[in-house]
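Reviewing the structure listed below.
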Amino acid sequence: MKPALLEVMRMNRICRMVLATCLGSFILVIFYFQSMLHPVMRRNPFGVDICCRKGSRSPLQELYNPTQLELSNTNILHQMRRDQVTDTCRANSALSRKRRVLTPNDLKHLVVDEDHELIYCYVPKVACTNWKRLMMVLTGRGKYSDPMEIPANEAHVSANLKTLNQYSIPEINHRLKSYMKFLFVREPFERLVSAYRNKFTQKYNTSFHKRYGTKIIRRQRKNATQEALRRGDDVRFEEFVAYLIDPHTQREEPFNEHWQTVHSLCHPCHIHYDLVGKYETLEEDSNYVLRLAGVGSYLKFPTYAKSTRTTDEMTTEFFQNISSEHQTQLYEVYKLDFLMFNYSVPSYLKLE
């Protein structure tokens, strides 16, 4: 019997045993398709005889066996990105794969589109609002047509999109194997500064000020005023960085999703992503996904100039007042994201 099949059977037995003994605490074993199946079937992992949705080619078939020349050329780039993730996971296996068992809570960022056989892992501060809008259009069965007519707050209502943790274990594993899985990433420190600016410098984000701002000021600011401790609305970036690298913070609770690492949100060393889009080529990569899904002729990624967008130059300025010691510690927190998604160490860093 093939080793991969034996491993699947073994993990199935483990899964049944865990479910039987945990009395309702639903533990999910995610098969690691990247290590078991993907290298063997890299160029055509699902074959031409797979049952296609509604008589057409699935996004996976079009991705790995493109019928259009321009899609074929683009696929080379995305193969390189997949290889980068695979190589990083293998080289850093002790850090990237501390466990093979994922809980349903680990899958709450994976949005499922049944009609087009897509799974999208959303990462806050990487155009996730617009991608959630697109997913609402794709899954809305005609309820929505223009993504930009969907209010931003409505796009973030959990009931408007179905996530992978809402399925049974067999349904989850079927979709992980059969659907095209994709995510979008961004230069880690640019994303971090974007999160800081949005959550701590905007007066309307009072919930973040109360939950995180007051805590950060209490821990990191000497002689803080009672007003600052009460309001938590004037957190400095240096204080935010000190909070992130503080071991007590990481022991206390997981990072908020807006500054959590991508590899912790989407688990790319456990779940094989077929396509890694980048914020730096957002429109091009997004429309490539839509073309693979067969909707590119009538649905495009929303584009508009956002004057307040966090840039590399802006990120450089924010890091000027961060000590080299704290820069080094912060880089270690986000190091896997830098390596996994092929972002070089920023030139402005003074690493020890």
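The values are calculated or read from the model by the stated rules, or taken from the named source; none is laboratory data. No experiment lies behind these values; they were computed from the predicted model shown. A quick note on method: Cβ atoms are made from the backbone with ideal geometry, for glycine too, and the neighbour counts reach across all protein chains shown. We work out accessible area using only protein heavy atoms, side chains counted, and drop any ligands, DNA or RNA first. Shrake-Rupley method; radii C 1.70, N 1.55, O 1.52, S 1.80 Å.
Pairs linking a residue in region 274-287 that is under 14 Å from Tyr122 (Cα atoms) to a residue that is of a type in the set (Lys, Arg) and open to solvent by less than 50 Å² (accessible area, probe 1.4 Å), with Cβ atoms under 6 Å and 6 or more positions apart or on different chains, are Val276/Arg81; Tyr279/Arg186.
If I filter region 120-131 for residues that are of a type in the set (S, T, N, Q) and in contact (Cβ under 8 Å) with a residue 60 or more places away in the chain, do I get at least one hit? Looking through region 120-131, at least one residue is of a type in the set (S, T, N, Q) and in contact (Cβ under 8 Å) with a residue 60 or more places away in the chain. Kindly indicate whether any position in region 250-260 is open to solvent by less than 10 Å² (accessible area, probe 1.4 Å) and either under 30 Å from Leu63 (Cβ atoms) or part of a helix (DSSP H, G or I) (or both). Within region 250-260, none of the residues are open to solvent by less than 10 Å² (accessible area, probe 1.4 Å) and either under 30 Å from Leu63 (Cβ atoms) or part of a helix (DSSP H, G or I) (or both). The set of residues from region 167-187 being touching a residue at least 24 places away in the same chain (Cβ under 8 Å), in a helix (DSSP H, G or I) and open to solvent by 10 Å² or more (accessible area, probe 1.4 Å) comprises Ile169, Asn173, Arg175, Lys177, Ser178.
When residues in region 128-163 are screened for being closer than 25 Å to Ser178 by Cα, out of contact with any strand residue (DSSP E or B) (no Cβ under 9 Å at 6 or more places or on another chain), among the aliphatic types (A, V, I, L, M) and part of a loop (DSSP other than H, G, I, E, B), 0 of them pass. Reported count of residues in region 75-92, each being open to solvent by 20 Å² or more (accessible area, probe 1.4 Å), over 12 Å from Phe341 (Cβ atoms) and in contact with a strand residue (DSSP E or B) (Cβ under 6 Å, 6 or more places away or on another chain), is 0. Selection of region 296-352 for residues being in contact with a Ser or Thr (Cβ under 6 Å, 6 or more places away or on another chain) and either assigned to a loop (DSSP other than H, G, I, E, B) or small (Gly, Ala, Ser) (or both) yields Phe301, Thr310, Tyr348, Lys350, Leu351, Glu352. Does Lys125 count as on the phi > 0 side of the Ramachandran plot and either outside any helix (DSSP H, G or I) or open to solvent by 70 Å² or more (accessible area, probe 1.4 Å) (or both)? Yes, satisfied. Taking every residue in region 332-352 that is of a type in the set (Asp, Glu) and pairing it with any residue that is open to solvent by 70 Å² or more (accessible area, probe 1.4 Å), at least 6 positions away or on another chain, the pairs with Cβ-Cβ distances below 8 Å are Glu352/Glu325. The set of residues from region 216-240 being in a loop (DSSP other than H, G, I, E, B) and either of a type in the set (A, V, I, L, M, F, W, C) or surrounded by 15 or more Cβ atoms within 10 Å (Cβ to Cβ) (or both) comprises Arg221, Ala224, Gly232, Asp233, Asp234, Val235, Arg236. In region 283-321, the qualifying residues are those that are aliphatic (A, V, I, L, M) and in contact with a strand residue (DSSP E or B) (Cβ under 7 Å, 6 or more places away or on another chain), and the one that is farthest from Pro346 (Cα to Cα) is Ala293.
For the residues Phe255, Phe189, Phe237, the requirement of being over 25 Å from Ala91 (Cβ atoms) and aromatic (Phe, Trp, Tyr) singles out Phe237.
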